[in-house]
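Comments concern the structure below.
The values are calculated or read from the model by the stated rules, or taken from the named source; none is laboratory data. In this text, all values refer to a predicted model and were calculated from it rather than measured experimentally. Virtual Cβ from ideal backbone geometry, glycine too; neighbours counted across all protein chains shown. Just the protein is used for accessible areas: all its heavy atoms, side chains included, with ligands, DNA and RNA removed. Shrake-Rupley method; radii C 1.70, N 1.55, O 1.52, S 1.80 Å.
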Amino acid sequence: MAWQPDRLLAGYEALELPAPDDYDGRVVATLVRLPLPEAPRGAVLYVHGFIDYFFQRHMAERFATEGYAFYALDLRKHGRSLLPHQHPCFCKDVSEYHADVTHALAEIKSDVLLAGHSTGGLICSLYAHEGELRNRVRALWLNSPFFEFNASGSRLVQLKIAKDLAFFFPFMNNPKAVLPGYVRSLHKNWDGEWDFDLTLKPLMGFPAYFGWVKAIFAAHAKVHAGLGLAMPVLSMHSDEADIVLDWKQVSRWSRTLGTNISVLQFPGGLHDLVLSRAEIREEVFRQLFAWAARTEG
């Protein structure tokens, strides 16, 4: 396959990354890039969250302005990579995504600043710990990483029941697991300022499959046990304004990742901090690039 004009963002290019068939059949991932004549500060690879895909053009352009070659990965069964026969956003084990990240790193052909939002932050953290090309990850930036279910009481009980049932019924699901409030807060059709494809990031989300719940519990357990990462890690989170995750959990578990961890809070920020109102996202970028410069020595 060759790089082609991206079908969603004008001026960007996309590369389909084939993978071996799995239990759903044919599988692909998609690498997106913003073409640049030069990138003196190296490359960044961004990985999106659950029921998500790459659409944050302003983030890519900001990285480019700072001198980075920007790449984003739409994981298998998400966004550009979602095929009609597949269960959307499903995995039986988070390590299934490692092959997508490895393939992307092989295409980029250089060390990267690996960046992950929410579930992408969980995936990137585990890849930096156990992925095939983890030696190519020079630093890790986490934007509201998903390190624990934001649930208690009966909801937590329901999640644990789903995890147990997944051994026998991985495709059983809760079709109303995702509340519409977050997409409403982002999209310009409602309370937000952003435009994105509502078939790829729907108002009501996609079903939460029990097999996925089981996979996430297992991935969280690895993070909670500590990953021992040696590379610099910057983890960012909001406060109660994050209506998806509990910021206190993000803060707590970010500190288990390794020995060179920075954790920063941005009060009032949205769950995806780079989609927050202008003054907050500008501070996010300011802190991010100041930290990144320090990691470059």
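Among the residues in region 5-23, are any open to solvent by 70 Å² or more (accessible area, probe 1.4 Å), outside any loop (DSSP other than H, G, I, E, B) and acidic (Asp, Glu)?
Among the residues of region 5-23, at least one is open to solvent by 70 Å² or more (accessible area, probe 1.4 Å), outside any loop (DSSP other than H, G, I, E, B) and acidic (Asp, Glu), which makes the answer yes.
With the requirement that a residue be open to solvent by 40 Å² or more (accessible area, probe 1.4 Å), more than 22 Å from residue 61 (Cα to Cα) and assigned to a loop (DSSP other than H, G, I, E, B), what does region 257-294 give you?
Selection gives 259, 260, 267.
Report, by residue number, each residue of region 88-133 that is free of Cβ contacts under 8 Å to residues at least 40 places away in the same chain, more than 26 Å from residue 249 (Cα to Cα) and out of contact with any Gly (no Cβ under 7 Å at 6 or more places or on another chain).
Residues satisfying the conditions are 106, 109, 132, 133.
Restricting region 251-297 to residues that are of a type in the set (Val, Ile, Thr) and out of contact with any Pro (no Cβ under 6 Å at 6 or more places or on another chain), which is farthest from residue 112 (Cα to Cα)?
Only one residue fits best here, namely 280.
Restrict the check to region 100-119 and report whether at least one residue is open to solvent by less than 10 Å² (accessible area, probe 1.4 Å), closer than 24 Å to residue 3 by Cα and out of contact with any strand residue (DSSP E or B) (no Cβ under 7 Å at 6 or more places or on another chain).
no
Only residues in region 73-87 that are more than 16 Å from residue 115 (Cβ to Cβ) count as the first member; pair them with residues that are of a type in the set (Val, Ile, Thr) and open to solvent by less than 20 Å² (accessible area, probe 1.4 Å), Cβ under 6 angstrom, at least 6 apart or cross-chain, and list the lot.
Pairs found: 76/27; 80/30; 81/28; 81/30.
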